[in-house]
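The values are calculated or read from the model by the stated rules, or taken from the named source; none is laboratory data. Since we're looking at a predicted model, the values are computed, not measured. Virtual Cβ from ideal backbone geometry, glycine too; neighbours counted across all protein chains shown. In case anyone asks, the SASA skips ligands and DNA or RNA and just uses the protein heavy atoms, side chains included. Shrake-Rupley method; radii C 1.70, N 1.55, O 1.52, S 1.80 Å.
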Amino acid sequence: MKRLVLLLVCFAEAMLFVGAQTPLSLEAYKDSVWAYNQNIRIASKTVEAAKAVAKEIRTGYLPNIDASASYNYNFNPQVLSLGSIKEELYATTWRAGAEVNQPIYTGGRLSGAYNSAKIQEEIARLEEDLTVDNITYSAEIAYWNTSAASAYMDLTLQYLGILQRLYKTVQTRFEDGLISKTDLLKVETNLKQAEYQFSKAEQNYTNSCVILNVLMGQSPETPIVLSDSIQSPAPFLSMQTIEEVLERRPDYQIKVREIDLQKEQGNVDRSEFLPKAAIGASADYGTPVINLTGDPLWSPIVYAKVSVPVFYWGKSKHSRDKNKALTVIKELSLSLTQDEVRKDFQTAVNNMAESSRQIEIADANMKVAGESLDLHTFSYDEGRISILDLESAQIAWLQAYISLIGSLLDHKLAIAAYRKASSE
């Protein structure tokens with residue numbers, strides 16, 4: 001009994017300390033998780049990198065300007081012989097110049113690469129959305145598991161109180177010689193078992209709080225008070241069609257973009273076998289290579305380049321066959337993802353409906369079990385029934401309460417799964 005009193009006192013002190021904390025709602029918790037989560041940060045930076053790649057490739061459409069300079073000193077100056085005339089070349093030569101090159105046609109390589117980069121940017125954004133969906137689901141699971149652990153801890157504490165009152169009654173009857181010590185020992189055994197259940201429930205709740213804190217970047221020991229419970233009313237959810245879900249699901253849309261990306265990659269590969277053209281101009285100022293006078297000269301040049309691939313031993317055909325096969329693979333992957341989305345969504349809808357119905361059943365059972373426990377407790381106090389009958393009523397009440405907590409938790413988890421399945 002001293003151990004039970006100590007447990008109750010410690011629990012009451014913990015509740016007073018926790019009660020001083022600011023209650024944490026589900027939405028506020030998700031906001032904290034989003035702000036802290038490293039995976040979301042990585043996904044956001046990946047989007048920035050993909051956006052920068054697209055901008056980088058786009059610069060390929062613009063003229064390139066290169067500047068160059070050189071300086072040479074010959075320690076053994078050469079002598080130029082022109083018949084009977086011999087001229088010693090200057091030991092020093094130097095040049096400085098610039099060149100402008102403008103691609104005119106690259107066979108579609110630039111446009112294909114730029115389009116691929118833009119698609120990859122879209123994929124990066126979709127992967128960010130997918131990461132947020134997964135982290136949100138994990139946050140909701142952690143939140144509701146902690147709420148359920150708290151409810152179960154309250155239940156075990158309530159059950160302890162019931163057995164404590166029963167123990168006092170049985171102890172008084174034993175001291176009065178009305179019952180044997182067998183009944184007293186039986187109640188005491190149940191009381192010890194209830195203490196053990198409370199200890200396990202407290203451990204489970206503490207571990208759930210650790211997970212909750214770590215997900216939002218708090219110290220694992222930080223006390224938490226949840227303002228939303230598994231008994232709170234379910235939010236209104238608009239039911240969606242599978243077509244709407246497919247439009248919203250990031251993983252499905254990623255597969256759609258991957259098909260477009262593969263087609264653009266085919267265009268890039270095909271550009272290797274198409275003509276290419278560029279124009280440019282350059283201007284150099286410096287001494288000539290054969291430097292007789294040492295006087296610098298201007299050397300302006302304009303040019304046009306055309307390159308036409310002629311024969312590559314069937315490489316272009318093999319490239320086309322490769323890209324066709326890869327495109328088919330992406331299309332089949334899209335079909336598989338579509339089946340997965342349909343399965344996840346329909347399962348989530350079914351679980352949400354069934355869990356709601358199970359709450360009604362568990363709640364009705366709980367009411368019956370509670371009424372039965374009250375009647376059995378009264379009858380036992382009046383000496384009309386045995387301790388075994390009362391124990392059966394207590395166990396039935398405990399199991400009914402556990403079932404109610406389980407059904408409430410299942411419904412919250414089913415709602416979280418529906419939100420994830422529909423990417424709401």
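For the reader, a short list of remarks on this structure follows.
- Considering every alpha-carbon pair of the chain, the percent of pairs per 10 Å bin, from zero through the bin containing the longest distance, is 4, 13, 16, 14, 12, 10, 8, 7, 6, 4, 3, 2, 1, 0, 0.
- Relative contact order (percent, whole number), the chain, Cα cutoff 8 Å, 6+ residue spacing: 22 percent
- Restricting the range 62-171 to chymotrypsin sites (Phe, Trp or Tyr not before Pro) in coil, as DSSP defines it, with at most 14 other Cβ within 10 Å: Phe75
- GNM remark for the chain: springs join alpha carbons under 10 Å apart, and the peak mean-square fluctuation among Asn323, Asn291, Asn190 falls on Asn291.
- The chain: DSSP helices with Cα axial extent of at least 18 Å and average Kyte-Doolittle hydropathy no lower than 0.5: 2-19, 387-422
- Surrounding net charge for Leu24, when Lys and Arg each add one and Asp and Glu each subtract one, Cβ distance under 12 Å: -2
- Gain in span if fully extended, Ile290 to Ser232, counting 0.36 nm per residue against the direct Cα distance: 11.7 nm
- Inter-centroid distance (Cα atoms) of the range 60-78 relative to the range 386-424, Å: 80 Å
- DSSP-defined beta bridges in the chain - what % are antiparallel, rounded to 5: 95 percent
- Coordinate range of the alpha-carbon atoms in the range 67-206 per principal axis, descending: 147, 41, 18 Å.
- Hydrodynamic radius of the range 308-364 per Kirkwood, over alpha carbon pairs, in Å: 15.7 Å
- 23 Å Cα-Cα threshold exceeded, pairs from Lys30/Lys412; Lys367/Lys412; Lys51/Lys263; Lys51/Lys317; Lys263/Lys420: Lys51/Lys317; Lys263/Lys420
- Estimated FRET transfer efficiency (Met239, Lys55; beta-carbon r; R0 56 Å; 0.05): 0.85
- Too-long pairs where the Cα-Cα distance tops 21 Å, listed order kept, from Lys118/Lys330; Lys45/Lys118; Lys118/Lys276: Lys118/Lys276
- In this simple spin-label approximation, Leu326 and Thr172 carry label points 7 Å from Cα along the Cα→Cβ vector, and these lie 8.4 nm apart.
- Segment Leu274-Phe75, length gained on full extension (0.36 nm per residue, minus Cα span): 66.8 nm
- Heavy-atom accessible area per residue - the chain, 1.4 Å, Å²: 58 Å²
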